[in-house]
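S.K.: This is the structure, below, for whatever I ask next.
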Amino acid sequence: MSEIVKRALEGDELVTSKILTKIEYMTPDGLEYLDELSARAGKAHTIGITGIPGAGKSSLISGLISQYSKRGLKVGVIMIDPSSPISSGSFMGNRIRMQDKTMLKNVFIRSIASRGHLGGVSSEAIMLIEAMDGLGYDKILVETVGAGQTDTEIMSSVHTIIVTSVPGTGDEIQALKAGIMEIGDIYIVNKADLPDANVVYDAIKFSIDSAEWKDWIPKVIKVSALKGLGIEELVNEIETHLEYLRNTGKFEDKVKERRREMIELIIRKWANDKISKVIKENSSLIYEKNELRKTLDALFSKFKNNIC
Ligand SMILES: Nc1nc2c(ncn2[C@@H]2O[C@H](COP(=O)(O)OP(=O)(O)OP(=O)(O)O)[C@@H](O)[C@H]2O)c(=O)[nH]1
Ligand SMILES: [Mg+2]
């Protein structure tokens, strides 16, 4: 094992942070570290938390962190595309610091912003999940804003999906539309301290009860992340889902699916880089003559030489 991975496994936070950055940017040594960590991965329980901006996902995560820390678990957090990556990360850090200083030792928080990353967010997120898993984090929590391709790719790579709704945002109407109930394993109505939480709760419950389920029937829980209500129930429900995954062999299936997705995304990113390079190098060929077929044929043969 490389010395640097060894130090990260011993709990050196600075080294851990460096390793994760190299993996995120897919540097050659980053891929080496990912390879080493991937060989140790497959044990972590990965949990996705999705919902519209302001639904209270980060607040819920900090509630979960304190519950898990009490149980002596190591928690990794990945926040995808937070409205403000720097302040979101420190917002979370500050909240935890306020609760318990020793807690921070077992918690690692990373945020990824899509700005400047050109569509590589899901590959980065999934590589980070794999790396944190290999580093021995027991629970890996991934926060996303619940829309688009990135979200779908990330959510199909986690074990347990938690969908967060809130009163007063039309979530009850969304809940009644067909299809919305397909992704979540656990539905949360957050901000249950506010009026109309029951309206959202009833709508989601109705939607779930009217659908047919093969085995796992999604749960709905009312929570107030602000007041710390319902968090324990949520933790228990997450454990019930984990047990279900283990008993049905779906736990391992998910890890395999995540690796397939990760490899596909790495290769896509690599191929994309090659495509950009070939186009850039041959821009004169493209600009000089307006001969579409000939230009395409020439470029295709250059791709083949570059990729194969
Ligand atoms: N009343 C009430 N407010 C809450 C509750 N949970 C969170 N909030 C507030 O809702 C706001 C948004 O909370 P966040 O946890 O940042 O929400 P988020 O979903 O992570 O938001 P983004 O990361 O921007 O998408 C904050 O002002 C929280 O204090 C709750 O249970 N009740
Ligand atoms: Mg947030």
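The values are calculated or read from the model by the stated rules, or taken from the named source; none is laboratory data. All of these numbers come straight from a predicted model, not from anything done at the bench. Please note: Cβ atoms are built from the backbone with ideal geometry, for glycine as well, and neighbour counts cover all protein chains shown. Note: accessible area is taken over every heavy atom of the protein model, side chains too, but ligands, DNA and RNA are not part of it. Shrake-Rupley method; radii C 1.70, N 1.55, O 1.52, S 1.80 Å.
S.K.: With the requirement that a residue be of a type in the set (Asp, Glu) and open to solvent by less than 80 Å² (accessible area, probe 1.4 Å), what does segment 207-252 give you? Lay out the reasoning, then the answer.
M.R.: Within segment 207-252, the subset of a type in the set (Asp, Glu) is 209, 212, 215, 232-233, 237, 239, 243, 252.
Of everything in segment 207-252, those that are of a type in the set (Asp, Glu) and open to solvent by less than 80 Å² (accessible area, probe 1.4 Å) turn out to be GLU237, GLU239.
S.K.: With respect to TYR201, determine if the residue is free of Cβ contacts under 8 Å to residues at least 24 places away in the same chain and among the aromatic types (Phe, Trp, Tyr). So that I can check it myself, show each step before the final result.
M.R.: Numbers: free of Cβ contacts under 8 Å to residues at least 24 places away in the same chain: yes; among the aromatic types (Phe, Trp, Tyr): yes.
Answer is yes for this residue.
S.K.: Of everything in segment 2-45, what is under 29 Å from GLU239 (Cα atoms) and among the basic types (Lys, Arg)? Give them in sequence order.
M.R.: Within segment 2-45, ARG40, LYS43 meet the criteria.
S.K.: Return the residue satisfying two criteria in turn: it lies in segment 138-152 and is acidic (Asp, Glu) and crowded, with 19+ Cβ neighbours inside 10 Å, and of such residues it is farthest from ARG71 (Cα to Cα).
M.R.: Filtering segment 138-152 for residues acidic (Asp, Glu) gives 138, 143, 151.
From what's left, crowded, with 19+ Cβ neighbours inside 10 Å: 143, 151.
On the way: GLU143: 21, ASP151: 29 Å.
Per the stated criteria, the residue is ASP151.
S.K.: Test ILE221 against the stated conditions and say whether it is within 13 Å of ligand 1 (Cβ to nearest atom), modelled with pLDDT of 95 or more and in the same structural domain as GLU143 (by TED's automatic domain parsing). It would help to see each step written out before you state the result.
M.R.: Values: within 13 Å of ligand 1 (Cβ to nearest atom): yes; modelled with pLDDT of 95 or more: yes; in the same structural domain as GLU143 (by TED's automatic domain parsing): yes.
Judged against the criteria, ILE221 is a match.
S.K.: Okay, next question. Pick from segment 184-206 the residues that are over 23 Å from the mean Cα position of the chain (by Cα) and more than 16 Å from ligand 1 (Cβ to nearest atom): which of them is surrounded by the most Cβ atoms within 10 Å (Cβ to Cβ)?
M.R.: ILE204
S.K.: Still on this structure: Scanning segment 7-40 for residues that are free of Cβ contacts under 8 Å to residues at least 24 places away in the same chain and part of a loop (DSSP other than H, G, I, E, B), which turns out surrounded by the most Cβ atoms within 10 Å (Cβ to Cβ)?
M.R.: Checking each candidate, the answer is ASP12.
S.K.: Taking segment 24-67 as the search range and keeping residues that are more than 16 Å from ligand 2 (Cβ to nearest atom) and of a type in the set (D, E, K, R), which one is farthest from ILE129 (Cα to Cα)?
M.R.: Here is the first cut: in segment 24-67, the ones more than 16 Å from ligand 2 (Cβ to nearest atom) are 24-46, 66-67.
Still in the running and of a type in the set (D, E, K, R): 24, 29, 32, 35-36, 40, 43.
Numbers: GLU24: 11, ASP29: 18, GLU32: 16, ASP35: 13, GLU36: 14, ARG40: 12, LYS43: 11 Å.
Among those that are more than 16 Å from ligand 2 (Cβ to nearest atom) and of a type in the set (D, E, K, R), it is ASP29.
Listed here are the residues, each with its yes/no results for (1) away from ligand 2 (no atom under 16 Å from the Cβ); (2) farther than 30 Å from GLY249 by Cα.
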residue	(1), (2)
THR152	yes, no
SER157	yes, no
PRO167	yes, yes
LYS191	no, yes
VAL200	yes, yes
PHE206	yes, no
LEU226	no, yes
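Quick grid of which residues meet (1) modelled with pLDDT of 90 or more; (2) within 23 Å of ARG258 (Cα to Cα); (3) not small (Gly, Ala, Ser):
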{"position": "GLY119", "(1), (2), (3)": "no, yes, no"}
{"position": "SER122", "(1), (2), (3)": "no, yes, no"}
{"position": "GLY134", "(1), (2), (3)": "yes, yes, no"}
{"position": "TYR137", "(1), (2), (3)": "yes, yes, yes"}
{"position": "SER156", "(1), (2), (3)": "no, yes, no"}
{"position": "GLY168", "(1), (2), (3)": "no, no, no"}
{"position": "ALA178", "(1), (2), (3)": "no, no, no"}
{"position": "VAL189", "(1), (2), (3)": "yes, no, yes"}
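S.K.: If the requirement is being β-branched (Val, Ile, Thr), in contact with a strand residue (DSSP E or B) (Cβ under 7 Å, 6 or more places away or on another chain) and in a helix (DSSP H, G or I), which of these qualifies: ILE208, ILE188?
M.R.: The unique qualifying residue is ILE208.
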